[in-house]
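Here's the structure we're looking at; comments come further down.
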Amino acid sequence: MTEQEIRTALAQAVDDVREKNPLAPSITNTVTQDFVANAQLAVGGSAAMLYLPDECEAMAKVAPAFYINMGTTMPFYAETLPHAARALCDNRTPWVLDPVGIGMSELRTKILSQFKDFKPTIIRGNASEIIALAKLWQLVGDNYGGQVRGVDSTEKVSSAKSAAIALAKFTGGAVAVSGEEDLVTDGTKTISCAGGSILFTKITGSGCALGGVMAIYAAVATPFIAALAATTVFNVAGTTAAEAQVPASFKVKFLDTLYTLTGAEVAQNFRVVGTIDSMLTYNFGMELNS
């Protein structure tokens, strides 16, 4: 893929969601459900927040995409989440995993270990979470990176690059690492892109909402383009919304901007960090258009 082909694919994904209104049910953080659902609706998708094992498994069999976020872990999720992930895998339904707080509890670690067998289509997290998941799945060495501190990252996005590539190669999907700059890879192509706002760190749920929107785009696009489209949409909308300068107004303006963005605007404002050739090559030297 060339840079222009990527821009065209991003625009197509954004416009396809507006046209098709895909549903991406979520099992997500109870603190951020409202924001996740509103972001999914704003980009043109449909939302459903699920809890119970039977409804999660049933929806996993019929929905065009799905989102699992580990932000709130309930005891009954020991049954709900693996059953849903198995159904998604069996039905080849695209699904997004956000391993929030990996390593914080025995139950969380157990569930995330089981997810290795069901290979998420897209994995989204901060640098520490991506490194920790790659360690848990034994895709990188135990001495790679530092420790997760609650839900905050203690690592730079660039530090998670090799872990992200390893995860993407293992799953056959895509991995998105969010932070001061954002990285998206499918194990062969890797792009670092810029944008957004520091105000994202002053509201709760922006990462959760990003994962939910990735699931919406996963219903209409390849894993790499879906992850990159959601990341770009958030960066463009965040940059525009930052004009508000304060958190509550930023959140409102952000959702309003998500609602009005067109595919052409997203493609036009897609910002890559560095030269396009260097950013479309991962650190083992394989060319993007090979």
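The values are calculated or read from the model by the stated rules, or taken from the named source; none is laboratory data. A quick note: this is a predicted structure, and the numbers were derived from the prediction, not measured. When we count neighbours, we look across all protein chains shown, and the Cβ atoms used for this are built from the backbone with ideal geometry, even at glycine.
Out of the residues in segment 62-87 meeting the condition of being in contact (Cβ under 8 Å) with a residue 24 or more places away in the chain and closer than 22 Å to ASP16 by Cα, tell me which one is nearest to the chain's Cα centre (by Cα).
Of everything passing the filter in segment 62-87, TYR67 is nearest to the chain's Cα centre (by Cα).
In segment 5-56, which residue that is in a helix (DSSP H, G or I) and polar (S, T, N, Q) is nearest to the chain's Cα centre (by Cα)? Lay out the reasoning, then the answer.
Within segment 5-56, the subset in a helix (DSSP H, G or I) is 5-20, 33-42, 53-56.
Next, only the ones that are polar (S, T, N, Q) stay: 8, 12, 33, 38, 40.
Working: THR8: 20, GLN12: 19, GLN33: 15, ASN38: 16, GLN40: 13 Å.
My answer is GLN40.
Each row is one residue, and each column tells you yes or no for (1) in contact (Cβ under 8 Å) with a residue 24 or more places away in the chain; (2) farther than 14 Å from LEU41 by Cα; (3) in contact with a Lys or Arg (Cβ under 7 Å, 6 or more places away or on another chain); (4) of a type in the set (Ser, Thr, Tyr).
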| site | (1), (2), (3), (4) |
| --- | --- |
| ALA221 | yes, yes, no, no |
| ALA229 | yes, yes, no, no |
| THR232 | yes, yes, no, yes |
| ALA241 | yes, yes, yes, no |
| ALA244 | yes, yes, yes, no |
| PRO247 | yes, yes, yes, no |
| LEU258 | yes, no, no, no |
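For residues in segment 258-274 being over 18 Å from ALA226 (Cβ atoms) and in contact with a strand residue (DSSP E or B) (Cβ under 9 Å, 6 or more places away or on another chain), which is surrounded by the most Cβ atoms within 10 Å (Cβ to Cβ)?
Ranking the candidates gives VAL273 first.
Consider THR222 carefully, then state whether it is crowded, with 24+ Cβ neighbours inside 10 Å and at pLDDT 95 or above.
Numbers: crowded, with 24+ Cβ neighbours inside 10 Å: no; at pLDDT 95 or above: yes.
In short, no.
Please find, among LYS251, LYS202, the residue that is over 11 Å from ILE122 (Cβ atoms), out of contact with any helix residue (DSSP H, G or I) (no Cβ under 7 Å at 6 or more places or on another chain) and of a type outside the set (Val, Ile, Thr).
Values: LYS202 fails: out of contact with any helix residue (DSSP H, G or I) (no Cβ under 7 Å at 6 or more places or on another chain).
Going through LYS251, LYS202 in turn, just one is over 11 Å from ILE122 (Cβ atoms), out of contact with any helix residue (DSSP H, G or I) (no Cβ under 7 Å at 6 or more places or on another chain) and of a type outside the set (Val, Ile, Thr): LYS251.
If I filter segment 196-213 for residues that are closer than 18 Å to GLU3 by Cα and not in a strand (DSSP E or B), do I get at least one hit?
From segment 196-213, those closer than 18 Å to GLU3 by Cα are none; that's our starting set.
Scanning segment 196-213 turns up no residue that is closer than 18 Å to GLU3 by Cα and not in a strand (DSSP E or B).
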